[in-house]
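The values are calculated or read from the model by the stated rules, or taken from the named source; none is laboratory data. Remember, it's a predicted structure, so these values are computed and weren't measured experimentally. Don't worry about glycine lacking a Cβ; one is built from the backbone with ideal geometry, like all the others, and counts go over all protein chains shown.
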Amino acid sequence: MGAGRNAHGRRAAAQGPARPPAGTRAPSGGPGRPVNRLAPTGSRGEDPGMHPTDPYLTTARLALRPFADTEADLDLVVALDSDPEVMRYITGGRPMTRAEIRAESFQRMLRGGFWATHLRATGEFLGWHCLQPDAESPAPSADLGYRLRKAAWGRGFATEGALALIAKGFGELGYDRITANTMSVNTGSRHVMEKCGLSYTRTYYEEWPHPVAGDEHGDVEYVLTREEWSTRRQAG
């Protein structure tokens with residue numbers, strides 16, 4: 001699952017089928033050393049596969065932590081972007097190479113605004129969420145995205161993490177507007193945006209580096225303002 005193109009290489013938010021930002025298979029770690037787990041809540045074990053980074057944000061089921069400039073975290077992203085189904089609305093299903101990921105998307109993640117998403121109970125790596133500042137917007141604005149392993153699709157994780165980042169963005173981070181973008185044909189990602197309270201605002205057409213079936217229908221932008229978010233929060 002994923003969303004959008006802007007912040008993530010092609011289209012920004014995506015779960016199940018969507019474009020950059022969007023599941024994956026087990027990451028490739030060294031023999032006997034799993035690299036796809038965050039230490040579970042309350043764990044004091046020294047399992048070498050458990051990531052020591054403190055979470056940036058937690059929800060009922062999820063822990064979001066910053067990516068680290070390590071081979072272990074690169075392994076997670078490579079595994080995620082090696083799944084043709086995860087990349088369906090991003091590259092047309094072509095897996096990204098390790099060299100491409102290291103030089104491009106992983107470097108963007110390390111600059112901030114991207115968080116590895118783990119299950120709190122087990123530490124399992126699910127994918128990532130992002131909230132990237134939009135420097136071109138006149139008002140304080142950010143672009144929302146997500147990309148999850150296929151095994152994590154359909155369980156509400158994309159929505160749960162996105163809602164937490166939206167609350168963080170309008171609260172502590174002081175954004176006035178949050179946007180998300182994806183392919184027009186990416187109904188799964190669009191559904192997540194709508195569940196998060198964002199509303200469709202426009203369809204647009206751009207040239208992207210990787211042709212994808214459905215490009216002729218363009219991309220869509222969804223928007224949620226601080227005022228709309230506050231109103232719904234008070235009502236609900």
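Does at least one position in region 80-100 carry a residue that is farther than 22 Å from His210 by Cα and crowded, with 17+ Cβ neighbours inside 10 Å? I'd like the intermediate steps shown before the answer.
Kept after step one, since they are farther than 22 Å from His210 by Cα, are these residues of region 80-100: none.
No, the conditions are met nowhere in region 80-100.
Kindly indicate the residue of region 194-209 that is among the acidic types (Asp, Glu) and more than 19 Å from Ser230 (Cβ to Cβ) and also modelled with the highest pLDDT among those meeting that condition. Outline the logic, then answer.
Looking only at region 194-209, we keep the residues that are among the acidic types (Asp, Glu), and these are 194, 206-207.
Next, only the ones that are more than 19 Å from Ser230 (Cβ to Cβ) stay: 206-207.
On the way: Glu206: 92, Glu207: 88.
Looking at residues that are among the acidic types (Asp, Glu) and more than 19 Å from Ser230 (Cβ to Cβ), I get Glu206.
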* Breaking point among (1) surrounded by fewer than 23 Cβ atoms within 10 Å (Cβ to Cβ); (2) in a helix (DSSP H, G or I), for Val192 -> (1)
* Asked: Which of (1) closer than 23 Å to Phe170 by Cβ; (2) part of a loop (DSSP other than H, G, I, E, B) does Gly93 not meet, given it meets every other one?
  -> (1)
* What residue, among those in region 131-173 that are part of a loop (DSSP other than H, G, I, E, B) and of a type in the set (Lys, Arg), is nearest to Ser230 (Cα to Cα)? -> Arg155
* Filter result (surrounded by fewer than 22 Cβ atoms within 10 Å (Cβ to Cβ) and of a type in the set (Gly, Ala, Ser)) within region 121-141 -> Ala121, Gly123, Ala135, Ser137, Ala139, Ser141
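Kindly check whether there is at least one residue in region 184-191 that is of a type in the set (D, E, K, R) and either under 15 Å from Ser141 (Cβ atoms) or modelled with pLDDT under 95 (or both).
At the first step, the residues of region 184-191 found to be of a type in the set (D, E, K, R) are 190.
Okay, now just the ones that are also either under 15 Å from Ser141 (Cβ atoms) or modelled with pLDDT under 95 (or both), so none.
The answer is no, given that none of the residues of region 184-191 is of a type in the set (D, E, K, R) and either under 15 Å from Ser141 (Cβ atoms) or modelled with pLDDT under 95 (or both).
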* Output yes when any residue across region 96-108 is at pLDDT 95 or above, out of contact with any helix residue (DSSP H, G or I) (no Cβ under 7 Å at 6 or more places or on another chain) and assigned to a loop (DSSP other than H, G, I, E, B), and no when none is. => no
* **Residues that are of a type in the set (Asp, Glu) and more than 27 Å from Gly169 (Cβ to Cβ), drawn from region 96-112** => Glu100
* Among (1) touching a helix residue (DSSP H, G or I) at 6+ places or on another chain (Cβ under 9 Å); (2) among the hydrophobic types (A, V, I, L, M, F, W, C); (3) under 26 Å from Glu71 (Cβ atoms) - the single one Ala180 does not satisfy -> (3)
